[in-house]
1. Hey, rough spin-label estimate for Lys13 and Lys69, points 7 angstrom out along Cα→Cβ, what's it come to in nanometres?
2. Take Lys125 and Lys162, extend 7 Å from each Cα along the Cα→Cβ direction, and tell me the distance between the two endpoints in nm.
3. Within the accessible area of the chain, what % is carbon and sulfur when the probe is 1.4 Å and the other protein chains stay in place?
4. Return the calculated 222 nm mean residue ellipticity for the chain, to the nearest 500 deg cm²/dmol, obtained by summing -39500 (n - 2.57) across DSSP H runs with n ≥ 4 and dividing by the residue count.
5. Once you order the gyration tensor axes a ≥ b ≥ c over the Cα atoms, which shape class does region 1-140 get: rounded for a/c under 1.5, otherwise prolate or oblate by comparing a/b with b/c?
6. What shape does region 63-170 take by its C-alpha gyration tensor, where a ≥ b ≥ c are the square roots of the eigenvalues and a/c under 1.5 counts as rounded, a/b above b/c as prolate, and the rest as oblate?
7. In the structure shown, do any of Lys95/Lys134; Lys68/Lys102; Lys57/Lys153; Lys13/Lys117; Lys15/Lys125 have a Cα-Cα gap over 28 Å, and if so which?
8. With springs only between Cα atoms under 10 Å apart, run a GNM on the chain and tell me which of Glu146, Glu51, Glu132 wobbles the most.
Amino acid sequence: MDSRLQAEQILKKIKSCSPTKTFKPLDHSESGLCFILIYLDEAEREVYASEISEKMKISRAGVAKLIKKLIYKEFVTKRVSHTDARKEIINITEKGRIEACKHREEVMTFIENLIRKVGVEKIEKFIDLAEEIKNSIDQWIENAYELHILKNKMTLQLLEWKNREIMEHL
């Protein structure tokens, strides 16, 4: 079977299983809040808002919105660093620790049920395969971006040559 036909069949399977719908329950708006709570609960040191942003791979503004919600729920507190006024230190409250423990337990129960239904070997294979696919996609995007930059540089070079040629004729 040729690769084009295989690609079409894979695309059809992806569309039929609706992966974004399948994983949507794991990626609801509360998941960011839960991540922060669990991360803070497991940290044995001060945690800066910028560190949370890096770990979650989202903007500082996005983290600020989540932290604001957590402060409103009294799960965390925020204070300015004594050593660097530009940095905010986020601390989990006792109420936040209880909530983090509850969410951690929900996640563990979900994973245990998944293991019983699917099996740990299949889950591990799925994770490994998903990582391999993600790395391939990331590499493709990086190459496409580099190619785009190269095309822009070549276009600029051609324009410069054309301008010189026009100027020489004047």
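The values are calculated or read from the model by the stated rules, or taken from the named source; none is laboratory data. Worth saying up front: this structure is predicted, and the values here are computed from it rather than measured. Here Cβ is always computed from backbone atoms with ideal geometry, including for glycine, and neighbour counts include all displayed protein chains. Accessible surface areas use protein heavy atoms only, side chains included; no ligands, DNA or RNA. Shrake-Rupley method; radii C 1.70, N 1.55, O 1.52, S 1.80 Å.
1. Taking the simple label geometry, Lys13 and Lys69 are separated by 3.5 nm.
2. 5.5
3. Working: 8410 of 14100 Å².
So the carbon and sulfur contribution to the accessible surface is 60 percent.
4. On the way: 7 runs with 130 residues, N = 170.
Helix-only estimate at 222 nm: -26000 deg cm²/dmol.
5. Values: a/c = 2.78, a/b = 1.86, b/c = 1.49.
In terms of gyration-tensor shape, prolate.
6. Working: a/c = 5.53, a/b = 1.67, b/c = 3.31.
The shape class here is oblate.
7. Going by Cα-Cα distance, Lys95/Lys134; Lys57/Lys153 fall outside the 28 Å limit.
8. Comparing Glu146, Glu51, Glu132 in the GNM, the peak value goes to Glu146.
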